[in-house]
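No value in this document is a laboratory result; all are computed from the given coordinates. None of the values given here were measured: they were computed from a predicted structure. Cβ atoms come from the backbone with ideal geometry, glycine included; neighbour counts cover every protein chain shown.
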Amino acid sequence: MECNWYAVYTRAKWEKKVASQLNKINIENYCPLNKVVRQWSDRKKTVEEPLFNSYVFVYVTAKQMNTIREVHGVVNFVYWLGRPAIIPLADIQLIKQFLLEHENVKIEQASFNVQDRIKILSGPFIEMEGQILAVSKKSIKVILPSLRCFMTVEVEKENVNFLGKYHHSIV
């Protein structure tokens, strides 16, 4: 059976405990820890806190999933489209590398997602609708199929309006 990385949702503040329990039963896991400087009234101290609240990543086969669900503190797997979401190895490696190079990392939820549908509110493509291809910190890349060609444009986030999730039509 093939192993994949999956995200499991844990009870609040149980990330390290779950990772420890998974280690005890020889389940490969990764609980990304962020080095954060905390200030007390009399001192500063660097502590390691989970980067993702209530998430631990596990590298398992589909057959091992029931074992994971039985671990105390695990709520369930994170699902995408009705199935446990597979996390690409490249994403796990990227998180590991990023945390090796940086401290005090902050997680921010993206307000736009790849494949969301949007309408452009200003600029040369005003009123055109498109589909998001990529999201960066200050802009999004959009396909504008109404031009009858696939053209990619960068649009500032404040110049678009969210229209909904993109759905493929069956012809």
Selection from segment 74-90 of residues that are of a type outside the set (Lys, Arg) and either closer than 17 Å to residue 49 by Cα or without any contact (Cβ under 8 Å) to a residue 60 or more places away in the chain (or both): 79, 80, 81, 82, 90
Of the residues in segment 13-32, those that are crowded, with 16+ Cβ neighbours inside 10 Å and not acidic (Asp, Glu) number 12
Please specify each residue of segment 28-57 satisfying the condition of being farther than 18 Å from residue 99 by Cβ and in a strand (DSSP E or B). 39, 44, 45
In segment 14-27, what count of residues is obtained for those that are touching a Ser or Thr at 6+ places or on another chain (Cβ under 8 Å) and assigned to a loop (DSSP other than H, G, I, E, B)? 3
(1) charged (D, E, K, R); (2) surrounded by fewer than 10 Cβ atoms within 10 Å (Cβ to Cβ); (3) touching a residue at least 60 places away in the same chain (Cβ under 8 Å): which one isn't true of residue 44, the others all being true? (3)
